[in-house]
1. Cβ-Cβ distance below 7 Å, separation of 6 or more or different chains: which pairs start in the stretch 22-45 with a residue that is of a type outside the set (D, E, K, R) and end on one that is outside any helix (DSSP H, G or I) and surrounded by 10 or more Cβ atoms within 10 Å (Cβ to Cβ)?
2. Go through the stretch 1-43 residue by residue and tally those that are polar (S, T, N, Q), loosely packed, with under 10 Cβ neighbours inside 10 Å and not in a loop (DSSP other than H, G, I, E, B).
3. On the given criteria, is Asp13 of a type in the set (D, E, K, R) and closer than 21 Å to Gly85 by Cβ?
4. For residues in the stretch 36-65 being aliphatic (A, V, I, L, M) and touching a helix residue (DSSP H, G or I) at 6+ places or on another chain (Cβ under 8 Å), which is modelled with the lowest pLDDT?
5. Would you mind stating whether Ala53 is assigned to a helix (DSSP H, G or I), surrounded by 13 or more Cβ atoms within 10 Å (Cβ to Cβ), in contact (Cβ under 8 Å) with a residue 12 or more places away in the chain and among the aliphatic types (A, V, I, L, M)?
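The values are calculated or read from the model by the stated rules, or taken from the named source; none is laboratory data. This one's a predicted model, so the numbers in the text were calculated from it and none came from an experiment. Glycine also receives a Cβ, built like all others from the backbone with ideal geometry; neighbour counts cover every protein chain displayed.
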Amino acid sequence: MAVQVSYPGVYIDEFAPGAPIQGVGTGTASFIGVASAGDLDTLRRYAHIRATAARMLAEGLRRNDRHLIEQAIDMAQRAPQTARGFASDAPQTARGARPEAPAKGGSAGQ
């Protein structure tokens, strides 16, 4: 039933509610859009690395092991680069590709 508005103020119009909205779990992510298989593999690697880092952190806190805690934090911080496959001790170029090795029998300066 519509409320007759005769002057400024707050008006309340009560109505019979519909069916309640059913709750859903938040443990499953949902993505809308197009992704390549490579993108999905990267996402899976990222999730695996973060889960491993979380387990390491929990174990480090349980043991009060500062070294394990630091390793877990470092792993979590490097997860995006590691998941993309660029984490390495090898030098990186600006685009993230590894420099090519010199030809056999020669040196890089020739």
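1. none
2. Number satisfying all stated conditions: 0.
3. In short, no.
4. Selected residue: Leu43.
5. Answer is yes for this residue.
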